[in-house]
Amino acid sequence: MDEQYDAIVLGTGLKECILSGMLSVSGQKVLHMDRNKYYGGESASITPLEDLLSKFGFDATNTPVEEFGRSRDWNVDLIPKFLMANGSLVKLLIHTGVTRYLEFKSCEGSYVYKGGKIFKVPADEKEALSSSLMGMFEKRRFRSFLLFVQDFNKEDPKTWKDIDPKTTTGLQLYEKFGLDRDTADFTGHALALYRNDEYLQESCLDLINRVKLYSESLARYGKSPYLYPLYGLGELPQGFARLSAIYGGTYMLDKQVDELVMENGKVVGVRSGDEVAKCKQVYCDPSYVTDRVNKVGQVIRCICLLNHPIPNTKDALSCQIIIPQKQVGRKFDIYVSLVSFTHQVAAKGWFVAMVSTTVETNNPEAEIKPGLDLLGPIKQKFVSVSDLYKPLDDGKENQIFISQSFDATSHFETTCSDVLDIFRRGTGEDFDFSKVKLDLNDDQ
């Protein structure tokens, strides 16, 4: 361990593994350490089922695990999130070749909650016309809005249709197309995936890009814009870890991190016991530098084991449901995701649902009730409330680059923007995908 590295990465959460892969590919000498014995940190997949029970304080010996099928068939994600088929993470996976280690399955449907019921988010024109989410005239207006978004090109003002994307707000864009409040609500939250309504007062360019991403992702697979890896998300950090190893990265699991060694206000190494690894930069998750982060909120997540699909989803074996905040009188949306035995994350006939949201009161469990009420009978649930941390500074001065905690969303877009931003701050440049040249089949 007593060697000189360009960068030391602490923690094997998804963000840290993507970063170590990107840094290694960019030619840096990387040491990657984790105090845990397993990959994934907060975003790990837990198997067998007994491990999940003991992680949440249940006595596995007193729980009749037999009724849940083969316990080794369970791979339960602590933070399940879907991948947008055309989103940044999939692009990163494809460009870096990590997809060779993973298999994906598309999610069967995306739903939105309105007036106490759930409705399928229309996946194509036929579904849009038959959807009871909107009235007949509203459907036409919504269709013109979608066509505008599809044809929109930031570089070509002819496609702007008298709408200046820099000065027009999200709210004004909806008004321009005559969309009613409910349609605006489901467009902003179920398509553009905003977590609250602040975007309505901001420039509509981001809204247009997000709806475009949803449509393009949908066009790739048809049923919904989301993908999920077989055997759970724990496969993703490991895929990037392999990538890093191929490009010369060194990995050490189960390695205690005792302190960051500083000189003149800059990090110069990491100490573990009597050993010190020297480095120019450190990349890590907030748990390794608690004095350098700020608590900005909390997320509640509830993992639910079910032996049936979610009611009113046409027996979908996987789906996402978004409950827009206005529908339940909140500031932040509630997210529900469902995966099942078809993704190799549960025993045959079983399903894993997750309900999550940003905490707003001192009774977080009551806040997720609207999501839990949609699930039908729940066989077992595991509730956790996690603190959300953000770094105190951008890291440029002390060369310590810290990721943000995972938010409540059920997709990976926010995760990727954090990773690409950290890479830019740490290296001073955007990641160059063309540097990925090695054939990943040459697994040394």
Ordering of 302-310, 6-14, 258-266 by packing [mean C-beta count within 10 Å, highest first]
6-14, 302-310, 258-266
Specify the inter-centroid distance of region 309-337 and region 1-50, based on alpha-carbon positions, in whole Å.
33 Å
Rounded, prolate or oblate: pick one for the chain, where a ≥ b ≥ c are the square roots of the eigenvalues of its C-alpha gyration tensor, a/c under 1.5 means rounded, and failing that, prolate if a/b is larger than b/c, else oblate.
oblate
Just reorder LYS158, LYS295 by solvent-accessible area, largest first, 1.4 Å probe, all chains present.
LYS158, LYS295
Assigning unit charges at the beta carbon (Lys, Arg +1; Asp, Glu -1) and nothing else, what dipole magnitude in debye, to the nearest 20, does region 233-317 show about its Cα centre?
300 debye
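Express the relative contact order of region 121-221 as a whole percentage, based on alpha carbon pairs under 8 Å and six or more residues apart in sequence.
29 percent
For an R0 of 41 angstrom, estimate the FRET efficiency from the Cβ-Cβ distance between ARG271 and VAL328 and round to the nearest 0.05. Provide the component values of the computation, followed by the final result.
Working: r = 48 Å, r/R0 = 1.18.
About 0.25, to the nearest 0.05.
What does the net charge come to around PRO311 if you take all other residues with beta carbon closer than 13 Å to its beta carbon, with K and R at +1 and D and E at -1?
Details: positive: LYS117, LYS314; negative: ASP315, ASP373.
Value of the local net charge: 0.
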With all protein chains modelled, accessible area of GLU155 [1.4 Å, Å²]:
140 Å²
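Nothing charged except the Cβ atoms of Lys and Arg (+1) and of Asp and Glu (-1): what's the magnitude of the dipole of region 137-222 about its Cα centre? Round to the nearest 20 debye.
On the way: 14 positive and 15 negative charges, 67 e Å.
In debye, rounded to 20, region 137-222 gives about 320.
Let me check something: with ligands and nucleic acids excluded, how do THR167, THR409 order by accessible area (1.4 Å probe), largest to smallest?
On the way: THR167 100, THR409 5 Å².
Listed by decreasing accessible area, they come as THR167, THR409.
Below 8 Å, C-alpha to C-alpha, sequence gap of six or more: please give me the relative contact order for region 238-393 in percent. Can you show the working numbers first?
On the way: 255 pairs, mean separation 39.6, N = 156.
Rounded, it is 25 percent for region 238-393.
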Which value at 222 nm does the chain reach when only helices count, each DSSP H run of 4 or more adding -39,500 (n - 2.57), with the total divided by all residues and rounded to the nearest 500 deg cm²/dmol?
-7500 deg cm²/dmol
Subtract the Cα-Cα distance of LYS154 and SER131 from 0.36 nm times their separation in residues, and report this length gain in nm to one decimal.
5.2 nm
What is the extension gain from LEU102 to LEU253, computed as 0.36 nm multiplied by their sequence separation minus the C-alpha to C-alpha distance, in nm to one decimal?
52.2 nm
By accessible area (1.4 Å), largest first, LYS280, LYS81 order as LYS280, LYS81
For region 348-410 and region 67-146, what is the separation of their Cα centres, given in Å?
19 Å
Pairwise label distance in nanometres, LYS314 with VAL296, each label 7 Å out on the Cα-Cβ vector
3.8 nm
Please give the net charge around LYS81, taking every other residue with its beta carbon less than 15 angstrom from that of LYS81, where Lys and Arg add +1 and Asp and Glu add -1.
-3
Column: log10 I(q)/I(0), Debye, Cα scatterers of region 121-221, q = 0.11, 0.22 Å⁻¹
-0.30, -1.27
Under a 1.4 Å probe, what is the accessible area of region 1-141 per residue, stated in Å²?
42 Å²
Expressed in nanometres to one decimal, the distance between label points 7 Å along Cα→Cβ at ARG424 and ASP206 is 1.3 nm
Note: probe point = Cα of GLU198 + 7 Å toward Cβ; backbone nitrogen < 15 Å; residues of region 355-377 passing the test are 358-359
On a 28 Å Cα-Cα criterion, which of the cross-link pairs LYS212/LYS396; LYS29/LYS255; LYS15/LYS280; LYS223/LYS390 come out too long?
LYS212/LYS396; LYS223/LYS390
For the chain, calculate the relative contact order in percent as a whole number, restricting contacts to Cα pairs under 8 Å that are 6 or more residues apart.
24 percent
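Considering only DSSP beta bridges whose two residues both sit in the chain, what percent are antiparallel, to the nearest 5? Can you show the working numbers first?
Numbers: 53 of 73 bridges.
Percent antiparallel among DSSP bridges in the chain is about 75.
Taking all protein chains in place and a 1.4 Å probe, what share, in percent, of the accessible surface of region 121-221 do carbon and sulfur account for? Don't skip to the answer; put the middle values down first.
Working: 2690 of 5400 Å².
So the carbon and sulfur contribution to the accessible surface is 50 percent.
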Kindly identify region 1-123 as rounded, prolate or oblate by the Cα gyration tensor criterion: order the square roots of the eigenvalues as a ≥ b ≥ c, call it rounded if a/c is under 1.5, otherwise compare a/b with b/c, prolate if a/b is larger, else oblate.
oblate
Cα gyration tensor shape for region 307-444, rounded if a/c is under 1.5, else prolate or oblate
oblate
Env charge @ GLY13, Cβ radius under 10 Å, K,R +1 / D,E -1, value -3
Simple spin-label model, 7 Å along Cα-to-Cβ: ILE378 to LYS161 in nm?
4.2 nm
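The values are calculated or read from the model by the stated rules, or taken from the named source; none is laboratory data. Everything numeric in this text was worked out from a predicted model, so none of it was measured. So basically every Cβ, Gly included, is an ideal-geometry build from the backbone, and we count neighbours across all protein chains shown. These area figures cover heavy atoms from the full protein model, side chains too; ligands, DNA and RNA do not enter into them. Shrake-Rupley method; radii C 1.70, N 1.55, O 1.52, S 1.80 Å.
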